[in-house]
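A short worksheet on the structure shown next.
The values are calculated or read from the model by the stated rules, or taken from the named source; none is laboratory data. If you're wondering where the values come from, they're calculated on a predicted model, not measured in any experiment. Reconstructed Cβ throughout: ideal geometry from the backbone, glycine too, with neighbour counts over all protein chains shown. SASA here: full protein model, heavy atoms, side chains in, ligands and nucleic acids out. Shrake-Rupley method; radii C 1.70, N 1.55, O 1.52, S 1.80 Å.
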Amino acid sequence: GNPTRYELLLEKYRDETGGLSSLLAGTGRLLRLHNDSQSAKLAILAQLVGGVIAPVMLMYVLWVLEEARQKGIKQLCFVSRDGYVPFLICKKISKLLGYEVESIYMYGSRQSWHMPGLFAFDETAFSWLLQNFDGNTTSETVFKRLGLTWDDVCKIVPELPAILGTPDQPLTPGLHEKLKDLFLSNEALQGHLLEMAATKRGVLHAYLEQEGITFQQKTALVDVGWTGRTGTSFCKIIGAEKAKNLHFFYFGLLSGKYITQPEKCNVFLFGPDLVATPIKALPPIVETFCF
């Protein structure tokens with residue numbers, strides 16, 4: 001029956017939270033004791049979920065709901081995968097707490113928004129297209145981000161091997177510049193990719209209409225991890241007029257490097273004004289839990 005350090009921390013702030021943190025401490029304790037006779041792994045997971053992760057996620061959703069009410073937002077679109085757990089929490093508590101907002105689980109990702117949001121090969125496009133993830137990016141990886149294989153690109157640009165070498169070459173600064181020059185100078189490749197982007201954009205518009213996400217009323221996208229690029233791509237897809245009704249809520253795992261309209265973004269944890277050094281382990285911890 002002794003409380004854990006997590007439960008004691010929550011209990012400490014019972015007065016400031018009107019008893020809510022005490023309620024969360026008790027809920028975590030109930031979950032912990034319910035799983036105490038399970039395997040050691042499950043027992044520890046229950047303690048972490050009940051004492052840390054569930055209270056944090058609940059606070060995030062409560063924060064989103066209150067911010068949405070203050071801003072007059074009527075639709076909350078929880079972006080798929082990482083947004084699924086917050087979506088389930090929101091569906092459970094929003095009506096009980098008197099929040100008049102529609103919750104939608106919305107399919108989205110870097111791949112499904114960056115390519116449809118491609119209108120020109122500019123620095124914004126190159127920021128995601130030529131990003132070197134953990135030093136493991138190759139020429140082939142870059143083309144896959146556009147939905148093409150190395151062989152597909154060779155058919156459009158027969159001289160590709162002479163320009164770039166083999167598809168498995170790592171993305172060094174020199175190769176980065178060669179790829180950039182290729183996208184900027186080869187009209188056949190440009191035209192093919194922009195046509196592909198327009199087709200994907202049409203599919204995405206049809207999906208949004210199907211789900212009733214029309215941006216005729218104030219709408220917010222709710223996500224977990226971020227740097228701001230997907231939001232920029234999404235605004236391009238729906239157009240400037242509809243984007244006026246669009247807002248973004250992020251849990252915030254990193255500083256916002258690519259935020260173009262900070263007034264449209266609200267961040268629960270780390271955001272554009274981050275002064276402290278980001279916690280490197282935070283993105284994999286939060287995203288692993290959501291997964």
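Structural remarks
- Residue match in the range 154-172 (condition: touching a residue at least 40 places away in the same chain (Cβ under 8 Å) and not β-branched (Val, Ile, Thr)): yes
- Cβ-Cβ distances below 6 Å connect no pair with a first residue in the range 5-20 that is under 17 Å from residue 48 (Cβ atoms), a second residue that is outside any helix (DSSP H, G or I) and open to solvent by 100 Å² or more (accessible area, probe 1.4 Å), and a separation of six or more residues or different chains.
- Residue ID - nearest to residue 251 (Cα to Cα), chosen from residues in the range 106-123 that are in a loop (DSSP other than H, G, I, E, B) and open to solvent by less than 20 Å² (accessible area, probe 1.4 Å): 108
- The condition of being aliphatic (A, V, I, L, M) and touching a Gly at 6+ places or on another chain (Cβ under 8 Å) holds for only one of 45, 20, 30, that being 30.
- Against the list (1) part of a helix (DSSP H, G or I); (2) open to solvent by 30 Å² or more (accessible area, probe 1.4 Å); (3) at pLDDT 95 or above; (4) over 26 Å from residue 261 (Cβ atoms), the condition residue 153 fails is (2).
- Every listed requirement among (1) out of contact with any helix residue (DSSP H, G or I) (no Cβ under 8 Å at 6 or more places or on another chain); (2) under 20 Å from residue 84 (Cβ atoms) is met by residue 248 save one, (1).
- Residue check, residue 24 farther than 30 Å from residue 210 by Cβ, touching a residue at least 24 places away in the same chain (Cβ under 8 Å), crowded, with 17+ Cβ neighbours inside 10 Å and touching a helix residue (DSSP H, G or I) at 6+ places or on another chain (Cβ under 7 Å): yes
- Exactly one residue among 225, 147 is within 30 Å of residue 88 (Cβ to Cβ) and touching a residue at least 40 places away in the same chain (Cβ under 8 Å), and that residue is 225.
Results for (1) in a strand (DSSP E or B); (2) within 20 Å of residue 227 (Cβ to Cβ); (3) basic (Lys, Arg); (4) open to solvent by 30 Å² or more (accessible area, probe 1.4 Å), shown as yes or no for each residue.
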position: 70; (1), (2), (3), (4): no, no, no, yes
position: 88; (1), (2), (3), (4): no, no, no, yes
position: 104; (1), (2), (3), (4): yes, no, no, no
position: 125; (1), (2), (3), (4): no, yes, no, no
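- Pairs with Cβ under 7 Å, 6+ apart, first in the range 114-140 and within 16 Å of residue 259 (Cα to Cα), second assigned to a loop (DSSP other than H, G, I, E, B) and not basic (Lys, Arg): 125/118; 127/258
Condition check ((1) at pLDDT below 95; (2) closer than 18 Å to residue 265 by Cβ; (3) within 15 Å of the chain's Cα centre (by Cα)) across all residues:
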site: 50; (1), (2), (3): yes, no, no
site: 67; (1), (2), (3): no, yes, no
site: 86; (1), (2), (3): yes, yes, yes
site: 92; (1), (2), (3): yes, no, no
site: 102; (1), (2), (3): no, no, no
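- Restricting attention to the range 156-166 and to residues that are open to solvent by less than 40 Å² (accessible area, probe 1.4 Å) and closer than 17 Å to residue 189 by Cα, the residue that is nearest to the chain's Cα centre (by Cα) turns out to be 164.
- In the range 225-247 there is at least one residue that is within 20 Å of residue 115 (Cβ to Cβ) and touching an Asp or Glu at 6+ places or on another chain (Cβ under 8 Å).
- Candidates 99, 60 - the one that is open to solvent by less than 50 Å² (accessible area, probe 1.4 Å) and more than 17 Å from residue 250 (Cβ to Cβ): 99
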